[in-house]
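The values are calculated or read from the model by the stated rules, or taken from the named source; none is laboratory data. None of these values were measured; they are calculated from a predicted model. Because the Cβ atoms are built from the backbone with ideal geometry, glycine has one as well, and the counts that use them run over all protein chains shown.
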Amino acid sequence: MQRKTLTRFLIEQQQGPRAMPPQLRLLIETVARACKTISHAISKGALGDVLGELSRENIQGEVQKKLDVLANELLLEANEWGGHLAAMASEEMETLHRVPNRYPKGEYLLLFDPIDGSSNIDVDISVGTIFSVLKAPESASGRDVTEADFLQPGARQIAAGYAIYGPQTLLVLSVGTGVYEFTLDREIGSWKLTDGPMTIPEQYPEFAINMSNRRQWSPAVARYVEERVTGAAGPCGRDYNMRWTGSMVADVHRILKRGGVFLYPADHRQPGKARLRLMYEANPMAFLVEQAGGAATDGRVRLMEMEPAALHQRVGVVLGDRGEVAAVTEAAILAE
Ligand code: AHM
Ligand code: MG
């Protein structure tokens, strides 16, 4: 069976009614190429000397893994010289990385989490790369972009996606015209369209939450989970299953494929009172989930409407099946 390549898909998007600009195609192809290299490095594991920690911390105070740093560098290098970007920002860098003056500049801003689910790298569980694309504001034309130019609500994302390095390496992408999945064909090194437009199946009884944080939950989240754990005998009237991989990419991918809900609610032990980061984790996933017919909130408010105050801002996350996300919001309203 002849499958469409990522390049052909993107060229069709350029010609489609939304007329995707060629620079955006270049950007996405460049990110996809970098993800291919990251996938290759990850698959070598101990043979490639890429596992383990470095003796330094990132801006979030987390010990960096070798692969966090390698993937960050690969994404920076791949995207610097193509002329499509003004600047980049990442989980692994304190502030923005402007395109150096020796290279042409474009109008896009790229944000990424180079390796999401870092704690899983050394134990061979799926990890991924998450990315989000914004446009530099018009007011930035003729001057260097600043960190403030990145602080746009998620609703202004032009594109978002993730690569998942699992049993298969996949790229899941939206340029605002639905969500599409591409599988890396390793023999010929190309991404082939394997699913899409993807829609989150509704009412699949499965939730994802780190149960060990129970004592941190709000009464609303506790009530929501309690009702699901009670199963068929409780108000939900059916039994629920639970999954938690420790890699948001893997949990979100499962939800896109078979439904359910993911919760990483506010957590007061974490800096910023939450675990996940708004700009390069929560917002790109919210964009994909909404494009697939789901919903994404912080437990109350739509994530993509939040006005970010800082590049590394953290936020509670509830996303997936619209009905389940609404049930968390309802529980929050009742708990007030
Ligand atoms: P990371 O980007 O540093 O890997 O952190 C984000 C990850 C998410 O992928 C995942 O949902 C969460 O952290 C897991 O947290 P926990 O270790 O509390 O289960
Ligand atoms: Mg992450």
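Among the residues of region 207-231 satisfying the criterion of being among the hydrophobic types (A, V, I, L, M, F, W, C) and in a loop (DSSP other than H, G, I, E, B), which is nearest to Asp122 (Cα to Cα)? Can you show your working first?
Let us first name the residues in region 207-231 that are among the hydrophobic types (A, V, I, L, M, F, W, C), namely 207-209, 211, 217, 220-222, 225, 229.
Filter again for in a loop (DSSP other than H, G, I, E, B), leaving 209, 217.
Numbers: Ile209: 22, Trp217: 29 Å.
Filtering first and then ranking leaves Ile209.
Output the residue which, of all residues in region 1-59 that are farther than 21 Å from Leu70 by Cβ and of a type in the set (Ser, Thr, Tyr), is surrounded by the fewest Cβ atoms within 10 Å (Cβ to Cβ).
For region 1-59, the residue satisfying everything is Thr7.
Against the definition (touching a residue at least 12 places away in the same chain (Cβ under 8 Å), in contact with a helix residue (DSSP H, G or I) (Cβ under 8 Å, 6 or more places away or on another chain), farther than 21 Å from Val289 by Cβ and away from ligand 2 (no atom under 12 Å from the Cβ)), how does Arg243 come out, yes or no?
Taking the combined requirement at face value, the residue does not satisfy it.
Can you confirm whether region 114-127 contains a residue that is more than 16 Å from ligand 1 (Cβ to nearest atom) and of a type in the set (Val, Ile, Thr)?
At the first step, the residues of region 114-127 found to be more than 16 Å from ligand 1 (Cβ to nearest atom) are none.
No: zero hits.
Out of the helices (runs of 4 or more DSSP H) lying entirely within region 1-108, which hold 3 or more residues that are at pLDDT below 95 and touching a strand residue (DSSP E or B) at 6+ places or on another chain (Cβ under 7 Å)?
In region 1-108, 66-80 are the helices (runs of 4 or more DSSP H) which contain 3 or more residues that are at pLDDT below 95 and touching a strand residue (DSSP E or B) at 6+ places or on another chain (Cβ under 7 Å).
What number of residues within region 162-204 are more than 28 Å from Ala19 (Cα to Cα) and among the aliphatic types (A, V, I, L, M)?
Looking only at that region, the number is 1.
For the structure I just gave you, tell me whether Glu94 is within 16 Å of ligand 1 (Cβ to nearest atom) and among the acidic types (Asp, Glu).
yes
With the requirement that a residue be of a type in the set (Gly, Ala, Ser) and more than 24 Å from the chain's Cα centre (by Cα), what does region 203-234 give you?
Matches in region 203-234: Ser218, Ala220, Ala222, Gly231, Ala232, Ala233, Gly234.
What pairs can you find where one residue is in region 135-157 and in contact (Cβ under 8 Å) with a residue 60 or more places away in the chain, the other is surrounded by fewer than 13 Cβ atoms within 10 Å (Cβ to Cβ) and assigned to a loop (DSSP other than H, G, I, E, B), and their Cβ atoms are less than 8 Å apart, with a gap of 6+ or different chains?
These pairs meet every condition: Leu151/Glu307; Leu151/Ala309; Pro153/Glu307.
If a residue must be loosely packed, with under 13 Cβ neighbours inside 10 Å and of a type in the set (Lys, Arg), how many such residues does region 212-252 contain?
Count: 3.
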